[in-house]
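Report on the following structure.
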Amino acid sequence: MFFTYLRRELRRRRKAALVVASGLALGIALVIIVSSVSSGMSKAQDKVLESLYGLGTDMTVTKAAAAPGSGSGRPKFEFDAKGNDDDSNQSSDRVLVQGFQTLASSTVDTIGKQDGVADAVGGLSLNVMKVDGQFKRGEFRQEGGPAQGGPSGPGGEGGSTQPQGEVRGGGASFDVNSYTVYGTDVTEQALGPLTSSKITKGRTFKASETDAEVAVVDSAYAKEKKLAVGKTVTIHGTEFTIVGVSTADSGDAAANLYIPLKQAQTLADSKNKVTTVYVKASDSQQIDHVKSTIQKNVSGTTVTTSADLADTVSGSLSTASDLASGVGKWLSIAVLTAAFLVAGLLTSSAVSRRVREFGTLKALGWKSGRVTRQVVGEALVNGLLGGVLGIAVGLAGAYVVTAVSPTLTAQLGSSGVGMGGGRFMGGPGGPSASRTLDVALTAPVSLSTILIAVALAVAGGLIAGAFGGWRASRLRPADALRRVE
Amino acid sequence: MYTLRDVTKRYTRGKTTVHALDGVDLTIEDGGRLVIQGPTGGGKSTLLQMLGGLDRPTSGSVELDGVDLAKLSEARLTTVRAQNIGFVFQSFNLIPTLTAQENVETALVPLGGKAAERRRRAAEALDSVGLGERLGHLPGEMSGGQQQRVAIARALVKQPKVLLADEPTGNLDESMRDEVMEVLETMWKEHGLTFIMVTHDSAIARRAPRLATIRKGRVTITENAAA
């Protein structure tokens, strides 16, 4: 009887049921879309962070920012003007440690021994600026006549007269090439920036190549400079053989070239120095604890976690993320609350219209609980219908977002707050450099989101049922005897 | 048997107090038939509500077979209604979305039992009021007289001791009125019920062996030996 009565009543009040279900559906669909878009934002942010950190890194440790010295880090280039007609190419390159701040290699071991640290790997980030080009001598041109190399002027005016004219042409033509090099610990390749790239050609480093003159080149840089496996690349006079080409999983690669750490230290004249220590925590729930332990026990360091770095993300990704978590969340809550209220009021009003019906049932001996259950049952089915409709609309919305896949721009590290990751990033600007990445937004719908939607549908039904049930439970059976007006 | 002693029912609305029932004393024997008549607002429906355990008196007692309905808990009162009292209403009060058979079944739901047994008894009750062919019809598909017969079947399917009818012919035309009254009288005779009916219809009232006239909350009993 319960289900027969429920089914017939819902069919009779189709329009009201549809209004209640649609309201709930709208709220639930919004929750699904907002939460899936938020999840997509989070994934996009993770991708951006992974491109800096590499996979598996929970935090980076860098030297604490110090007051900049008096131009100590600025590269100087010296070129000589050679013989009169020598216009041969001159070349000079400078290898600079990114951020100009280094930690002793022993710090890696110290950090590795800290409580909660599963693994720690050091790396040295370098900036190489190469300037090459040539000088050209200018030509002296005498006024009113062709260029003359000698001092003799036009005759008749006295031999002591200086020739009148000007130097034309000549000057210098130099090309500046700046690229990044990352010195990686070839014995510990599970952590560090190279993990965010895949070797697409050749191979990665062998554990035995700790001091070998071999390099892995980023595919984008390889394409630009026409580099390939088997070719060589010269850095500061040292020739490295390219053994592999890597492609970043997302966004830009962490460096243009990867070489063994020892080689990088030699090039930068930074023996036993690293710029960044990549740390993996034993328990991902304990990251904050590990961070404070390292900060406490290893003085003079700055520890940057993924969460810290996420705070430096700006650009449209950040704006969209703020929108999703701010406006989207509150819009969902507002719509859901309104939908719950409307559902409750409509159910209550439906009970008011059925006073005689419920009064009759009570007069026939139906207990209040049974009548209330009937009302709650109907409201619950309405809620579930709304849930099904909402999930369908929400999934469709999430599918559309994923299909359209709008591109968001993420700008990292521009705040220059001394984050390790920010400092690690490429570009000759050092600590204040920022990096812009384009990330395609997706809207993945997780099982938990669906479960939340179902729970909301049930909650909506129960709230509406509570309104109606309360009203029904208060009905007097004597109401059944009221005359028709 | 019903025994009402000094039953008073007052309704207070703002500063106005209405004495719907004012010191009613009444006895109704088992198997008896009583017709209640009186002007609108005289207290007829209030008296019926007291007899049916749908409302409680402000003071006095309403005993059914020695049990004071005024003092029973809501749950016990609901059980008494479910087991012993059948109601027939002026507006039929059928559930519009349920078929005739399902409507009759609603009276058996509080008594428990299997659905198949409920269906069988409901079909039998409808057959007894001449609607054996209309089991699957919705109220909207039936005439007023047929709907009231469904309501009578619903009231009687649980074999109650008492049948209370509130203006059962009030919404029917003359031919249907006779049809319904015939069914009610037949059922009263066949089932040995205590049958109490409120009516405005003097023709029906004249056919009753006992008439209770209620004015301003006070009851006067008239015996009709000719009926």
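Tell me the residue from B:41, B:31 that is surrounded by fewer than 19 Cβ atoms within 10 Å (Cβ to Cβ), under 24 Å from residue B:156 (Cβ atoms) and more than 8 Å from every other protein chain (Cβ to nearest Cβ), please. On inspection, the qualifying residue turns out to be B:31.
With a requirement of 2 or more residues that are surrounded by 15 or more Cβ atoms within 10 Å (Cβ to Cβ) and not assigned by TED's automatic domain parsing to the domain that holds residue A:103, the strands (runs of 3 or more DSSP E) lying completely within region A:196-313 that satisfy it span A:301-305.
Would you check which residues across region A:36-57 are modelled with pLDDT of 75 or more and either within 13 Å of the chain's Cα centre (by Cα) or surrounded by fewer than 24 Cβ atoms within 10 Å (Cβ to Cβ) (or both) and list them? Those that are modelled with pLDDT of 75 or more and either within 13 Å of the chain's Cα centre (by Cα) or surrounded by fewer than 24 Cβ atoms within 10 Å (Cβ to Cβ) (or both): A:38, A:39, A:40, A:41, A:42, A:43, A:44. Residues that are over 23 Å from residue A:365 (Cα atoms) and touching a strand residue (DSSP E or B) at 6+ places or on another chain (Cβ under 9 Å) do occur in region B:53-60.
Looking only at region A:342-358, count how many residues are out of contact with any Lys or Arg (no Cβ under 6 Å at 6 or more places or on another chain) and away from chain B (no Cβ under 14 Å). Matching residues across region A:342-358 total 8. Within region A:83-114, the set of residues being among the acidic types (Asp, Glu) and either outside any loop (DSSP other than H, G, I, E, B) or modelled with pLDDT of 85 or more (or both) comprises A:93, A:109. On the stretch given as region B:195-206, residues that are without any contact (Cβ under 8 Å) to a residue 60 or more places away in the chain and either part of a helix (DSSP H, G or I) or over 21 Å from residue B:43 (Cα atoms) (or both) total 2. Picking from residues in region B:152-165 that are touching a helix residue (DSSP H, G or I) at 6+ places or on another chain (Cβ under 8 Å) and either away from every other protein chain (no Cβ under 12 Å) or in a helix (DSSP H, G or I) (or both), the one that is surrounded by the fewest Cβ atoms within 10 Å (Cβ to Cβ) is B:159. Among the residues making up region B:166-194, those that are within 15 Å of residue B:148 (Cβ to Cβ) and outside any helix (DSSP H, G or I) are B:166, B:167, B:168, B:169, B:170, B:171, B:172, B:173. Across region B:85-95, the qualifying residues are those that are of a type in the set (A, V, I, L, M) and outside any loop (DSSP other than H, G, I, E, B), and the one among them that is farthest from the other protein chains (Cβ to nearest Cβ) is B:88. Number of residues in region A:260-286 that are of a type outside the set (Gly, Ala, Ser) and out of contact with any helix residue (DSSP H, G or I) (no Cβ under 8 Å at 6 or more places or on another chain) equals 12. Taking the conditions (1) part of a helix (DSSP H, G or I); (2) within 14 Å of another protein chain (Cβ to nearest Cβ); (3) surrounded by fewer than 21 Cβ atoms within 10 Å (Cβ to Cβ) in turn, residue B:56 satisfies each one other than (1). Test residue A:332 against the criterion of being of a type in the set (S, T, N, Q), assigned to a helix (DSSP H, G or I) and without any contact (Cβ under 8 Å) to a residue 40 or more places away in the chain, and give yes or no. Against the criterion (of a type in the set (S, T, N, Q), assigned to a helix (DSSP H, G or I) and without any contact (Cβ under 8 Å) to a residue 40 or more places away in the chain), residue A:332 does not qualify. Residue B:82 meets each of the listed conditions (1) touching a helix residue (DSSP H, G or I) at 6+ places or on another chain (Cβ under 6 Å); (2) surrounded by fewer than 23 Cβ atoms within 10 Å (Cβ to Cβ); (3) of a type in the set (A, V, I, L, M, F, W, C); (4) in a strand (DSSP E or B) apart from (4).
If the condition is being within 10 Å of another protein chain (Cβ to nearest Cβ), over 19 Å from the mean Cα position of the chain (by Cα), under 27 Å from residue B:178 (Cα atoms) and in a helix (DSSP H, G or I), then region B:96-135 contributes only B:102. Checked against the criterion of being out of contact with any Ser or Thr (no Cβ under 6 Å at 6 or more places or on another chain), within 14 Å of another protein chain (Cβ to nearest Cβ), among the small types (Gly, Ala, Ser) and part of a helix (DSSP H, G or I), the candidates A:21, A:25, A:16, A:44 yield just one match: A:16. Number of residues in region A:208-219 that are out of contact with any helix residue (DSSP H, G or I) (no Cβ under 7 Å at 6 or more places or on another chain), touching a residue at least 24 places away in the same chain (Cβ under 8 Å) and over 23 Å from residue A:94 (Cβ atoms) equals 3. Screening region A:359-396 for residues that are among the β-branched types (Val, Ile, Thr) and more than 14 Å from every other protein chain (Cβ to nearest Cβ) and picking the one that is nearest to residue A:475 (Cα to Cα) gives A:376. Taking the condition within 23 Å of residue B:111 (Cβ to Cβ) and of a type outside the set (Gly, Ala, Ser), does residue B:64 pass? Judged against the criteria, residue B:64 is a match. Taking into account only those residues within region B:64-79 that are part of a helix (DSSP H, G or I) and small (Gly, Ala, Ser), which is farthest from the other protein chains (Cβ to nearest Cβ)? If we take residues in region B:64-79 being part of a helix (DSSP H, G or I) and small (Gly, Ala, Ser), then B:70 is farthest from the other protein chains (Cβ to nearest Cβ). None of B:180, B:162, B:109 is in contact with a Pro (Cβ under 7 Å, 6 or more places away or on another chain) and either of a type outside the set (D, E, K, R) or touching a residue at least 24 places away in the same chain (Cβ under 8 Å) (or both) except B:180.
The values are calculated or read from the model by the stated rules, or taken from the named source; none is laboratory data. The shown structure was predicted, so the numbers you read here are calculated from the model rather than taken from an experiment. Cβ: placed from backbone, ideal geometry, glycine included. Neighbour counts: every protein chain shown.
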